[in-house]
Amino acid sequence: MVRMMRRLGIARPFHMPLDALHLEHDAVAGLMRLWSRIHWSSGDGMMPPDQLLAIYRLAVEWPVDGDIVELGAWTGLTTCYLATACRVRNSGRVFAVDTFKGTKEDGSLYPSVAKMGGSTLDAFHERTRRAGVADIALPLIGLTTEVVDRYPGRPIRFLLIDADHSYDGVRADFERWSPKVAPGGLIVFHDYQMPDVARFVNSHVIGRPGFDPHPGLVVPNVIAFTKTAQVAPTPSARRFVRPVAARRRPSGVAVR
Ligand SMILES: C[S@@+](CC[C@H](N)C(=O)[O-])C[C@H]1O[C@@H](n2cnc3c(N)ncnc32)[C@H](O)[C@@H]1O
């Protein structure tokens, strides 16, 4: 890895903006996959590298001001990328909403939470500290539908929905949090390949007035909408994102 970086003339790879590498998305995703094996060998992140990269680039390039909210933070892996995007833009903070204990609706997380001593919050703090973003990555502890009433941030420029993946859970998060998204801001659904998430998005978000299906499916599993866009994307954001119609939908997903 180090030799490859030297060959590319990169002395300090982790301080180099990704765009400066002039690599295509797939190439950068490959590098990130490599980094992920090296740096997160414990496998305690839930977001695959290509999806992390897509989310990171959207967060860096989307030209709307405000804060970022991540619903469902787990141990803060994606949080660190979102906060780094804030750092790169020199603007905004990330509010990471989670019980940090799993929920009774999804008991599958309880064993992992138990292994971490009953809470993922220490891991979240450790990770954001190591990433150098602890000052701008702020945990909001509680159920997403309760925390929304005490959200302390600015209008949201980027809302990532990745908490309760049931139909009712995604619906509640969308209905409760989308009013806090700034005009032109993004609402990003992770796990669009999960049947309940796809069912909600396809029946309630696609075609709904006030929500443009742009940028659409940025990589499989990550679909993003603009809330009544009043700000045009920057040329680089436009290059990166593809309209939803231009991408193949996950098989078996009914679209209105
Ligand atoms: C898939 S993980 C999030 C992964 C994280 N975004 C990442 O990229 O690493 C889902 C998280 O949502 C949290 N969660 C699920 N339902 C929730 C709810 N209703 N309120 C708050 N947190 C919730 C769980 O505790 C878990 O940490």
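The residue of region 71-104 that is farthest from MET46 (Cα to Cα), among those that are near the ligand (Cβ under 6 Å from one of its atoms) and assigned to a loop (DSSP other than H, G, I, E, B), is THR99. Among the residues here, ALA198 qualifies as of a type in the set (Gly, Ala, Ser), buried (at least 17 other Cβ atoms within 10 Å of the Cβ) and within 16 Å of the ligand (Cβ to nearest atom). Restricting to region 152-186, name every residue that is surrounded by fewer than 23 Cβ atoms within 10 Å (Cβ to Cβ), away from the ligand (no atom under 13 Å from the Cβ) and not in a helix (DSSP H, G or I). Matches in region 152-186: PRO152, GLY153, ARG154, PRO155, ALA182, PRO183, GLY184. Taking the criterion of being of a type in the set (A, V, I, L, M, F, W, C), part of a helix (DSSP H, G or I) and out of contact with any helix residue (DSSP H, G or I) (no Cβ under 9 Å at 6 or more places or on another chain), the residues of region 107-151 that qualify are LEU109, VAL113, ALA114, LEU121, ALA123, VAL147.
For region 177-199, a tally of residues being within 18 Å of the chain's Cα centre (by Cα) and under 25 Å from MET46 (Cα atoms) returns 15.
Only the coordinates and a few stated rules stand behind these numbers; no lab work does. Quick caveat, the model's predicted, so the values are computed rather than measured. Reconstructed Cβ throughout: ideal geometry from the backbone, glycine too, with neighbour counts over all protein chains shown.
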